[in-house]
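Report on one structure; see the data block that follows.
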Amino acid sequence: MQDSRRETLFGPGVPLRGNDIDTDRIIPARFLRTVTFDGLGDHAFEDDRLQLKEQGKVHPFDDPRFADGTILFVNKNFGCGSSREHAPQAIKRWGKCITAIVGESFAEIFFGNCVSLGVPCVTVDAVSADAIQSAIEADPNVAVKLDLRGKAVHVGVNRYPVEMGEGPRQQLVEGRWDTTGELLANMPKIRETANRLKYVSGYK
Amino acid sequence: MGKSLYEKVFERHTVALLPSGQVQLFMGLHLIHEVTSPQAFSMLDELGLKVAFPARTFATVDHIVPTTSQLRPLQDSLAEQMMVHLEGNVGRHGIRFFSPDKGEQGIVHVVGPEQGLTQPGMTICCGDSHTSTHGAFGAIAFGIGTSQVRDVLATQTLAMNRLKVRRIEVNGKLRPGVYAKDVALYVINRLGVNGGVGYAYEYAGEVFDNFSMDERMTVCNMSIEGGARCGYVNPDQTTYQYLKGRPFAPSGDAWAKAVADWDSMKSDSDAAFDDVVRYDAADIEPMVTWGIHPGQSLAVGDKIPAAVDAIADERESMTEAYRYMSFEPGQPINGTRIDVAFIGSCTNGRLSDFAEVARLIQGKNLKVASHVRALVVPGSQSMREEMIALGLDKIFATAGFEFREAGCSMCLAMNPDKLQGRQVCASSSNRNFKGRQGSPTGRTLLMSPAMVAAAAIKGEVTDARRLFGIA
Ligand code: SF4
């Protein structure tokens, strides 16, 4: 079985600049017409990629320099919008598979979805985010390492402190991010709670 | 110190403290639809698990249904496949399905309240971010991802963190022609699209006290657009009157007990909040979005703001918005030519939304501008029947609006209702993200249903108060 612990994750990095990148941009809704998550990786940021191409520019996900990237570097409020898990699934399945996301801030549902998939989303301050993105843009092969235990991301010779809620961080570090088992273990308590709720028993 | 409704609901539904420090929370109501549930059922099968509380999950189909004809098989084979999966899953697990052939189908956030499933003091979840809508009843309702849908199916619980609570008071009286949608857009404009991250919003004040349930739902619906995962209004007589007699609402002897229980869940008068903001209703004007997220909005009489005047974080997004929308700073939004008008969605696709627009256009010999395609899409099949019974379909048809079948329609690009190319759409929905309405370059202007109708008739963005003589 694959090790589920997320202690140290290695790059290369992919810089993806912009605030408020929403889930409709991460995976346009037309690709949600499916009953699996298979193949979503190919369509990550499809419309953004196309539009940049038309403007004669290159989206980082189309840029051969970043094709081997596994850690994504973003800015503020990343993943806002819908609750679709298709968004982190698409990112996770893109190219060589993204294993972690580093940004200034994340939308709440997106963050939770990533944790459920074992993909840490950690935050850095705005100055660091910009510095890291610039460093990777200047040298796509620069060594990138996310040390979730030590709460830092290393880019080349530089070390930047990262933050993440203690609960989710521990879950990821210890490999306990797949919650179903923990929840199921409390089934007797779940039934007790249900029995206590007046609406469950129909206000008898 | 008293407690807020949020705290009371959270405590009542707490099952256990998890090793991660998160709280295991019981879910009173789980709603599912065709888009975010099939993978969850597959995961459940892989784990060899059954649905733990099948009587607490309800299903409908909304995103993929065409609004021209719901005849099976659906023309889009991918949509048909999703429908077949949903039917198979609900059948196998004994889940109640509000299906099109029974005339019970509709947008999940319209159907829940309409059936009386959404009740005060509950925890409600659905694999859909606009689940916040149900907070209008004094429930704690929020969107979840597919792995969490799996967890709820398997255990009826979720691992959650406690949120902070921000009370948003809107006091005074709204001016004529200013609607719940304008309040929602105003709040998001003020607090920002990520201002609510980490918070539940409690909406209060005279404006919310006087709002109907439909209006409360409109504002709670858009909580997520301000970054808040849930938003609620404390339950009151308006809530109870709405619920009374609905199919899944308590009845007989249970009714009085239920009302007493619901009353006890209201925020205490001495409840402490993590933050309180207050707005004056008289300051709110009819709002229109001009950009690519719901916080980029302005009063209809105003000019598009300049990036230099904005905080640094917003500047880049505004610059991109000018480009994408083809707007210049300083340009008035009034007079922006539109191609499509859409009245519908879980934000503003309820009976009172349509009744208000019909009231405004009726008997004035107003017609949709010749270059505009205007859609009226009911939120549910049963509401559609009510609209027909009230003659609203005829009023819309006479004015040149297409009266369609129920569904999400042009709110998002998963069914045949889509923008083409760079079309501009005046829309009563909730998201103006790039590509949201089905064309990767399509442009969305969010506004109230009355403002959409006015834009449809004038062929351009215009102040509905002037066009309809609202004084
Ligand atoms: S109407 Fe729009 S926002 Fe509401 S559930 Fe459907 S697609 Fe989502």
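Laboratory data are not the source of any read-out in this text; all were calculated from the coordinates shown. This one's a predicted model, so the numbers in the text were calculated from it and none came from an experiment. Virtual Cβ from ideal backbone geometry, glycine too; neighbours counted across all protein chains shown.
For this structure, a couple of remarks:
- Zone of A:Asn158's modelled label, taken as backbone nitrogen in the range A:4-34 under 19 Å from a point 7 Å along Cα→Cβ: A:10-19
- 10 Å Cβ neighbours from other chains, averaged over peptide A:17-27: 5
- Helical content alone sets the calculated 222 nm signal of chain B at -9500 deg cm²/dmol, taking -39,500 (n - 2.57) per DSSP H segment of four or more residues and averaging over every residue.
- What the phi angles of the range B:363-371 give under the Karplus curve with 6.51, -1.76 and 1.60, with θ = phi - 60°, is a coupling list of x, 10, 6, 8, 10, 4, 4, 5, 8 Hz, glycine and proline written as x.
- Whole-Hz Karplus values for the range B:344-360 come out as x, 5, 6, 7, 9, x, 9, 3, 5, 4, 6, 5, 5, 5, 4, 4, 5 Hz, taken residue by residue from phi with 6.51 cos²θ - 1.76 cosθ + 1.60 and θ = phi - 60°; glycine and proline positions read x.
- Lys, Arg +1 and Asp, Glu -1 on Cβ, resulting dipole of chain B about Cα centre, debye, nearest 20: 520 debye
- Each of B:Leu392, A:Leu184, B:Leu31 was scored by other Cβ atoms within 10 Å of its Cβ. Arranged with the fewest first, they read A:Leu184, B:Leu392, B:Leu31.
- Reach of B:Lys50 by Cα under 15 Å, taken over aspartates and glutamates that are not fewer than 8 positions away in the same chain: B:Asp151
- Shape index of the protein assembly as shown: Rg/Rh, with Rg the Cα radius of gyration and Rh the Kirkwood radius from the inverse mean 1/r over Cα pairs, equals 0.95.
- Phi-based couplings in Hz for the range B:37-53 (Karplus 6.51, -1.76, 1.60; Gly and Pro marked x): 9, x, 5, 5, 5, 4, 4, 4, 4, 4, 7, x, 9, 10, 6, 6, 10
- Rounded to 10°, Cα long-axis angle of helix A:187-196 versus longest principal axis of chain A: 60 degrees
- Mean ellipticity per residue at 222 nm, deg cm²/dmol - from DSSP H runs of n ≥ 4 across chain A, formula -39500 (n - 2.57): -9000 deg cm²/dmol
- Largest-first principal axis extents of the Cα set of chain B (Å): 56, 56, 45
- Of the beta bridges in the range A:8-176, as assigned by DSSP with both residues counted there, near 50 percent are antiparallel.
- Candidate aspartates and glutamates for bridging to B:Lys173, where Cα separation is under 17 Å - those fewer than 8 sequence places away on the same chain excluded: B:Asp182, B:Glu206, B:Asp209, B:Glu215, B:Asp280, B:Asp283, B:Glu285
- Of the peptides B:271-279, A:100-108, the order by per-residue mean of other Cβ atoms within 10 Å, starting with the highest, comes out as A:100-108, B:271-279.
- Each of B:Ser20, B:Ser42, B:Ser69 was scored by the projection of its Cα onto the charge dipole of the range B:1-106, and the greatest displacement toward the positive side belongs to B:Ser20; charges sit on the C-beta of Lys, Arg, Asp and Glu.
- Fewest neighbouring Cβ atoms within 10 Å first, the residues B:Ser326, A:Ser128, B:Ser269 line up as B:Ser269, B:Ser326, A:Ser128.
- Neighbour-limited loop hits for trypsin sites (Lys or Arg not before Pro), the range B:390-428 (at most 15 other Cβ within 10 Å; DSSP other than H, G, I, E, B): B:Arg422
- For B:254-261, mean number of other protein chain Cβ atoms within 10 Å: 3
- Remark: mean inter-chain Cβ contacts per residue of B:21-29 equal 4, using a 10 Å Cβ-Cβ cutoff to other protein chain atoms.
- A simple charge model with +1 on the Cβ of Lys and Arg, -1 on the Cβ of Asp and Glu and nothing else charged puts the dipole of chain A at about 780 debye relative to its Cα centre.
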